[in-house]
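Read through the structure below, which is laid out as structure tokens, and then see the notes.
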Amino acid sequence: MRPPGPGSVTAAAPPAASRPPEADIRRAAVTVVTVASLALGVTAGGWAWTVDRRAEDEALRAAADERVAAAALAVDADRSAAAVGAAVLGTAGAASVRTGSRAALDAAVAQAGGTLASSAVRVDDDAVRQALAAVLGAAEQEAATASAVRLRALAAEVAGAERAVVDAVAAHDAAQAAQAAQAAERAAAERAAAAASRPRATSPGAPAAPAPADRSCATTYSGPAFYTSPPTDGGDGSNGRLPASALTAVSWTRDSRGTPFYLRSDAAAALERLNAAFRAALGHDLALDLTYRDLDTQVAMRAALGSVAAVPGTSSHGTGLAIDVPELPCTYGWDTAARAWLVANGPAYGWVSPAWARQGGSNPEYWHYEYRG
Ligand SMILES: [Zn+2]
């Protein structure tokens, strides 16, 4: 259940929701009353406040209600019983009634002592706990000599004071939970705002401004995942329906699902030559994210991304004449060595950055290059 808190010096007290066996009640009560003042001295400490504590609070409140009601009923009942005992049963009967009343007080004291201890840092105003401690102290002093009726009255006082503490704990925990929920909402709103302010690199006309410093090297793509396509079985050679006979896979890399990167065969051959030069200049192969894209994928992209994606049947990826390098701004972004090399040297291999994909173009995409032969 709950972790041991700062008030665990009172661990001898029974759990708040259960009563000890009758034989142990008195011992527990003595222990509780003795340590009650110690519990009051405990200051704020680290306790993990969790939402499920509200359920625990509700159970405690219900139990406290029951005890208050039972104690009130018992006071009335004992008034009658004491009178009957004295008049009809004599001294022995009265003593028996008193013994029952004392047991009831001890049980209430033990219960309240547990609540007092466990509430050490869980109330906003400690006055209710101090009041409970005072009532417990008075009960301890009077218990030995009080009449049956007085014992029952004390039990009712203890239960009432305990109820006030339980209510205060519930209010405190509810406030904590509300604060936690508000903090979570604020954090979620901040994340959403940060995401919204990040440039959508694939938006038409939206320049891909530098991302915030702390994630400047993360991918600029945040849409659903799309993958490069294998050749289209039975493809007729139209856009997005290129058969295997029209395509060649590049030799040095595959996509994250193991699909080879296919291009129209002459474009693939040119890219092989480009990559050799690229690797010589930059020390690593050109990374690819997507090359040939079949019609079904283009339809799905259009549905998911809207006008950012080309109208199905018109994409240069559908003709096997385009590549996308990864949307990694620190590696392939506008101001990187890789892009500078590709823009300067790609045309010698037939590969260009189209005007529309450049900064200031109609649809800036630093990752997109096309084969123009
Ligand atoms: Zn592209």
Calc'd 3J(HN,Hα), the stretch 292-300, phi into Karplus 6.51 cos²θ - 1.76 cosθ + 1.60 (θ = phi - 60°), Hz, glycine/Pro = x, comes to 5, 10, 7, 5, 4, 5, 5, 4, 5
Expressed per residue, the solvent accessible area of the stretch 226-371 in Å² (1.4 Å probe) is about 42
Mean Cβ-within-10 Å packing, highest first, puts peptides 294-307, 148-161 in the order 148-161, 294-307
Under the rule rounded for a/c under 1.5, else prolate if a/b exceeds b/c, else oblate, using alpha carbon gyration tensor axes a ≥ b ≥ c, the stretch 226-371 is classed as oblate
About its Cα centre, the stretch 226-371 carries a charge dipole, from +1 on Lys and Arg Cβ atoms and -1 on Asp and Glu Cβ atoms, whose size in debye to the nearest 20 is 140
For the stretch 226-371, the percent of accessible surface on carbon and sulfur atoms (probe 1.4 angstrom, ligands and nucleic acids excluded) is 51
One finds the C-alpha centres of the stretch 246-311 and the stretch 334-359 to be spaced, in Å, by 15
Computed from the beta carbon distance with a Förster radius of 45 Å, FRET efficiency for Arg61 and Ala189 to the nearest 0.05 stands at 0.85
Ordering 105-114, 217-226, 167-176 by per-residue average of other C-beta atoms within 10 angstrom, highest first, gives 105-114, 167-176, 217-226
Sorting Ser307, Val250, Cys330 by the position of each Cα along the dipole of the stretch 226-371 (Lys, Arg +1; Asp, Glu -1; all at Cβ), the one nearest the positive end of that ordering is Cys330
The stretch 280-317 scanned against label point 7 Å out from Trp341 along Cα→C-beta; backbone N under 17 Å for 280-289
On the formula 1/(1 + (r/R0)^6), with r taken between the Cβ atoms of Thr331 and Asp167 and R0 of 45 Å, the FRET efficiency rounded to 0.05 is 0.15
With 0.36 nm assigned to each residue of separation and the Cα-Cα distance removed, Thr253 to Ala174 gains 22.8 nm
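The values are calculated or read from the model by the stated rules, or taken from the named source; none is laboratory data. As the structure is a computational prediction, the values presented were derived from the model and not from experiment. So basically every Cβ, Gly included, is an ideal-geometry build from the backbone, and we count neighbours across all protein chains shown. Heads up: the accessible areas ignore ligands, DNA and RNA and are worked out on the full protein's heavy atoms, side chains in. Shrake-Rupley method; radii C 1.70, N 1.55, O 1.52, S 1.80 Å.
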